[in-house]
Every structure is written in structure tokens, then in C-alpha cells.
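Undergrad: I'd like to ask you about the structure that follows.
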Amino acid sequence: YSMYGPQFVEPIYKKEQQESMYESGEVENILHVPVKAARVDATCSVFHDDLVRKFTNHVMKDGNKVLARELVEKAFQKIKRIQLQRYHGADDSEKKASIETNPLKIFHMALTNTKPVLQLTPIKRGGVTYQVPVPITDNRARFMAMKWLILAARDKDLRVHFPEKLAWELVDAAANQMEPQKRARYSKLLDAEELEEILMEEESDEELEDINEFTEPRANMSSDEAEETEIRFRDRRPGDSPKVLDFTGPLSGINRSAAPNINAQSSPFSIFILFFQQIFQILLQETNRYFLQFMACQDAPGPSVQLPDVTIEEIYNFLAIIIQMGHDQQDTLKDYWSRDEQYYTPFYRNTMV
């Protein structure tokens, strides 16, 4: 809920934005449009910066905004001293020209160099969760950059004051002179070659196949590009190339000696049972054995008439019902065998009574 209607527009209080609107003529479109009242923290002062305000909020603890603002200001003062010392210590004019002495610009450079461009997102495939690199939004990247800089400053020597530690972190980040461990964590760019090296060292072939589905959409690729991408990600180490069988030639198709009864008129079930006949035989034996064990453990005496064993045809019927149940969704098991008009399906009653 807002006290302003949808016809109200956000206030523009920055002088730079107002000047650009006057130059582009965009201001003519909002001359007669109602404007919302500016927030109490909105200011057009030259000493105000939105990113510095956000950074101060991240530094703040327990709502002590005055202390957080004082720490950030001291850090900027320390940056100014560090850069002035380097400026006056430079020998020639070229080095002096390359040294930036404005703490605000150094702060923005540090954030730009620290922002990540990728983040790891957990994606579950086949019961296994993979960490897949995906692009990161600008707001999230800015938040992570500020968080990493503050945590890095707090992890340094406790005998050094926080403003001084934060100043050195910002100066190092602005100059891309961070330690190797921090550089890996703060890495701004992760191009295709570096990403490929990481995947080659840490991921298996199965994981790479899942990652390729997300990181390299092949709908717009040509056949040659898709084949080259597949080879680059799959055959990354010697001996990792999967064995590809040729399904053409004299040895293609079904081995007639192993399946003499299969011909062109065979049903799909006949082909299916060639691969799973041994499994179904094991299911049949274990089902009958479990029934005998279950009856032997009962306290009450068993039936006077010996029940017949389960047959292989009943196992096939049971599997067919399980598969069909995945297609016909019902609330309870009784609904599958119900004779009610809204539930009645003859298949289940005719297959298993």
C-alpha cells in the first residue's frame, strides 16, 4: 500500500540526472506529472554517494550508524594518505599521473574489480546435486563485493584498527594486487578457458554433460560447433573418451544366435523381455520365497489349502499396472478398480482381479 497513486513518478534529486534530462528533452514529458516526495535521506550534495551509503550500512553493526560512518570516513582518510605518500615518492611524472589520489574513485575501482560475474547454483540431476556456474545479477555482485572486502579487512591482524585494514584492502583491490587466495575468491573475470580448466580438474564426465545443458545452449549452434563443444568438454583427459560403437555393418542389430525367435513381426514386448528376462526371474523367485518366509513367521496357523506360487505372467501384469498407474492418477488404490462411472477403467479389473 502506498499513499501515492500509480500516476506519481519517483523524484529526481541528483543534479547530474536533471541536467541530462534537460539536454535530452525528457523533462518535457514529466512537466505536468505529479512527483512523489523525496525521502529524508535523499540529497543532491556533492559529498553524497549511493554506493558509499550502502557500504556504510554493511559495515554497521547493531544499528550504530554513527560509528560505521566514522570508520568509513577514517578509511577514506587513510587511503588519501597512502596515495599521497606514493605520489610524492614517485620519481617521474608518468608514475605520478598513474596514481589516483581520490578515495571515492579508488573505492569504485575496488568494487568494480571485486565484483564476481558468476555464481554457483545447485542443480539436482539423478539424485546428485551439481554446482553449476551461472551469471550473477548486478545487485548480487555488488553485495558480494562489499561483503568480501569487509570480511577480508576484519580477518586481518586484530592489533590493527579496522579503518586502516579496510583502507589497504580497498587500495589493493583497486590496483588488482590482492593475494592469490583472495584473487581466486574475488575474481572478476572467469572466461571460457579458465572455466574449462576448472571443469576439467574438478568435474567428472557425467557432471560435464549436465553442466553443458545449462551453460552452453546448443539450439542456435551449427552442427560443427556443437560437435566441437562436445569433444572439448568430454575428451578433456587421455583415456576419458567413451567407446562409441558403430551400429552399421555386418555386426549391427540383434544377435540372432542369442534371440532366434525375434523377427520383423515380433512385438515390442518380445524385444523388451530380451533385456530384462533374467531380472524378472529373480523377482519371481524372491517374491515366492518372501511369501513362504512371511507365512512361517505368522503366529496363527496358515491356510489349510496350499496357495499356488506367483507365475511370471502375474509379474508382467503387475509391472504393467504399475506403469499404467503413473499415467492414470487416482486418489486411492481402490479407485483404480472402482466401478463408479467417474473412476471406472476396465484395464485394471481385467488385468488383475
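The values are calculated or read from the model by the stated rules, or taken from the named source; none is laboratory data. Given the structure is predicted, the values throughout are model-derived calculations rather than measurements. Glycine gets a Cβ as well: all are built from the backbone with ideal geometry, and neighbour counts include every protein chain shown. When the accessible area is computed, the model is the full protein with side chains, heavy atoms only, and any ligands, DNA or RNA have been set aside. Shrake-Rupley method; radii C 1.70, N 1.55, O 1.52, S 1.80 Å.
Undergrad: List pairs: first residue in region 123-138 and part of a strand (DSSP E or B), second residue open to solvent by 90 Å² or more (accessible area, probe 1.4 Å) and of a type in the set (A, V, I, L, M) anywhere in the structure, Cβ distance under 7 angstrom, at least six positions apart or on different chains.
TA: From region 123-138, the pairs are GLN131/LEU120; VAL132/LEU120; PRO133/LEU120.
Undergrad: Quick one: ILE106 ticks every box in (1) under 28 Å from ASN139 (Cβ atoms); (2) assigned to a helix (DSSP H, G or I); (3) modelled with pLDDT under 90; (4) not basic (Lys, Arg) bar one, so which box is it?
TA: (3)
Undergrad: It is to be established whether one or more residues within region 85-93 are closer than 16 Å to ALA173 by Cα, at pLDDT 90 or above and open to solvent by 70 Å² or more (accessible area, probe 1.4 Å).
TA: Quick first cut of region 85-93, residues closer than 16 Å to ALA173 by Cα only: none.
Checked region 85-93: no residue is closer than 16 Å to ALA173 by Cα, at pLDDT 90 or above and open to solvent by 70 Å² or more (accessible area, probe 1.4 Å).
Undergrad: Turning to a different aspect of this structure: So, in region 20-66, exactly how many residues are closer than 26 Å to PRO6 by Cβ, among the β-branched types (Val, Ile, Thr) and loosely packed, with under 10 Cβ neighbours inside 10 Å?
TA: Of the residues in that region, 2 qualify.
Undergrad: Please count how many residues of region 327-353 are out of contact with any Ser or Thr (no Cβ under 7 Å at 6 or more places or on another chain), closer than 24 Å to THR311 by Cβ, part of a helix (DSSP H, G or I) and not polar (S, T, N, Q).
TA: Residues that pass the stated criteria total 6.
Undergrad: Let me ask another. Which residue pairs have Cβ atoms under 9 Å apart, sit 6 or more places apart or on different chains, and have a first residue in region 286-304 that is over 20 Å from ILE315 (Cα atoms) and a second that is modelled with pLDDT of 75 or more?
TA: GLY302/MET295; GLY302/ALA296; PRO303/MET295
Undergrad: Residues in region 1-19 that are in a loop (DSSP other than H, G, I, E, B), open to solvent by 70 Å² or more (accessible area, probe 1.4 Å) and either closer than 22 Å to ASP41 by Cβ or among the basic types (Lys, Arg) (or both): how many? Don't jump to the end; show me each part of the working.
TA: Taking region 1-19 first, the residues in a loop (DSSP other than H, G, I, E, B) are 1-8, 10-14.
From what is left, the residues that are open to solvent by 70 Å² or more (accessible area, probe 1.4 Å) are 1, 3, 6-7, 10, 13.
Keeping just the survivors that are either closer than 22 Å to ASP41 by Cβ or among the basic types (Lys, Arg) (or both) gives 1, 3, 10, 13.
Looking only at that region, the number is 4.
Undergrad: Does GLN119 satisfy the condition of being outside any helix (DSSP H, G or I) and surrounded by fewer than 16 Cβ atoms within 10 Å (Cβ to Cβ)? Steps first, answer last, please.
TA: Values: outside any helix (DSSP H, G or I): yes; surrounded by fewer than 16 Cβ atoms within 10 Å (Cβ to Cβ): yes.
So GLN119 fits the description; yes.
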